[in-house]
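Working notes, structure below.
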Ligand code: ADP
């Protein structure tokens, strides 16, 4: 799980906030309910105390204290109702003290005397030694004819505590449920909200320079994601335009340069052969000619690349035998190898049919063989192999025993103008375009090219092309 993803963070925030709100509301509800229940209980105790004062104690001088005590016992039956009732004379001596309630939940004898208070009516929460608590309302009653009494009526908080305990339990059990619902709900909501992001990212992954005309999906939801994909699409359009412009520029420039370079080359060739010129002038014209030839080759390769980039029509595609093409090309380049005493061997099965532009695929073989010979020291060996793989691919391998390519350069050899060592290939045409042409031609044929190399031991370039479907194809001679 990616804890830094927007999905995770949104769900975490959502679940966290919902849980915090639940805990806060639960806490407030718990405290408010406790206050309400305690106040309610105290209020009913106070009513009893007032009633005892107004109905019994007011006439105590006439009826006598014993009558009051027996009436309280009779009318309020504190033991049965689980109440605590105490009537205390002004001097602190008790007139009446109720007995322990029938459930023996507390002992009235344990309840300490009320602290002196100037108020006529007051309340308190009295903790008892056995851990129970009583909510006691006190009322100071004045008797007709003099004398005052303190009436205390209390009730245990047990019922309230039990109820609050149940509520707490309910909140505690509800919390994981709330969290689960929050996470599941958040997951569904976030997944739905971010689904377009996955679609946009998926599409953006596959847009390359070759399909810049494609666009990202736009969900017409009117939200930020719609705006984002529309903005990204505008950006891709601008990139596409810039890319097309630069491609057109390279195509136009290389095309425009071809004619003057041909003229230049012709003129320099004439100068080199002009007997009227002094030998050193002819030598200088000769080295100029070499540079112009190098330039022409670069321009030709750039032009070829720009045509490949533009996606040539497949009109020139034919089915032919790749093995036969490889062998005949190797034969044509034998002189080059002989100059360096390099042995070129070929290995091919009966027939490896491929479909494509024969001239272009020949260029692939030429460039690979040319490099193999160029980067193999005198007396080395180049091996060419054509085969089929898995019945679906035609494979062309060009292996040499040359200088090899350093591991850090291998990923870049197919890039345009990349040369492993700038000084290594200062030969005509060595501008780092040969392998990019190979790659472009392979891609145009739905194939690919790869390289394995060990410095000082040699390199092996492998081209994979789709096998031609039609087995009875026409094999064109070179
Ligand atoms: P260049 O025209 O300069 O040879 P390429 O695109 O054909 O350009 O090759 C790019 C670079 O890859 C070359 O500069 C060279 O260093 C390296 N390279 C290509 N083929 C081989 C090979 N067979 N052996 C060693 N190095 C090679």
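Every number here is computed from the coordinates shown, using simple stated rules; none is lab data. All figures in this text were calculated on a predicted structure; none of them were measured in a lab. Glycine also receives a Cβ, built like all others from the backbone with ideal geometry; neighbour counts cover every protein chain displayed.
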Exercise. Taking Rh as the Kirkwood radius computed over C-alpha pairs, what is the Stokes-Einstein D of the chain at 25 °C in a medium of viscosity 0.890 mPa s, expressed in µm² per second?
Worked result: 75
Exercise. Over segment 64-157, what is the mean sequence separation of C-alpha contacts under 8 Å (at least six apart), divided by residue count, expressed as relative contact order in percent?
Worked result: 27
Exercise. Once you sort the root eigenvalues of the Cα gyration tensor of segment 54-120 as a ≥ b ≥ c, which label holds: rounded (a/c under 1.5), prolate (a/b larger than b/c) or oblate (the other case)?
Worked result: oblate
Seminar exercise, completed: Note to self: C-alpha centroids of segment 67-119 and segment 346-422 sit apart, in Å, by 110
Problem set entry | Helix-only mean residue ellipticity at 222 nm for the chain, each DSSP H run of n ≥ 4 adding -39500 (n - 2.57), per residue, nearest 500 | -18000 deg cm²/dmol
For this session: Output the Kirkwood hydrodynamic radius of segment 224-309, Cα pairs only, in Å rounded to one decimal.
Result: 15.9
Exercise. So, in nm, how far is label residue 274 from label residue 237 when the simple model puts each one 7 Å beyond its Cα toward the Cβ?
Worked result: 5.7
For this session: Evaluate the relative contact order of the chain (contact order divided by residue number), counting alpha-carbon pairs under 8 angstrom at least 6 apart; express in whole percent.
Result: 11
For this session: Take every Cα-Cα pair in segment 164-323 and report what % of them are more than 22 Å apart.
Result: 71
Exercise. If the viscosity is 1.567 mPa s and the temperature 4 °C, what Stokes-Einstein diffusion coefficient in µm²/s follows for segment 94-156 when Rh is the Kirkwood radius over Cα pairs?
Worked result: 101
Seminar exercise, completed: Once the mean of 1/r over all distinct C-alpha pairs in segment 319-405 is inverted, the Kirkwood radius in Å reads 13.1
Seminar exercise, completed: With Rh as the Kirkwood radius over Cα pairs, segment 152-241 has Rg/Rh of 1.53
Exercise. How compact and how long is segment 317-466, expressed as Rg and Dmax of its alpha-carbon atoms in Å?
Worked result: 14.5, 42
Problem set entry | 221, 123, 19 arranged by Cβ crowding within 10 Å, fewest neighbours leading | 221, 19, 123
Exercise. How big, on average over all directions, is the shadow cast by the Cα convex hull of segment 6-163, in nm²?
Worked result: 12.0
For this session: Could you work out how far apart the two model spin labels at residue 416 and residue 93 are, taking each label as a point 7 Å from the Cα in the direction of the beta carbon, and quote it in nm?
Result: 11.8
For this session: Could you order peptides 77-84, 284-291, 452-459 by the average number of other Cβ atoms within 10 Å of their residues, highest first?
Result: 77-84, 452-459, 284-291
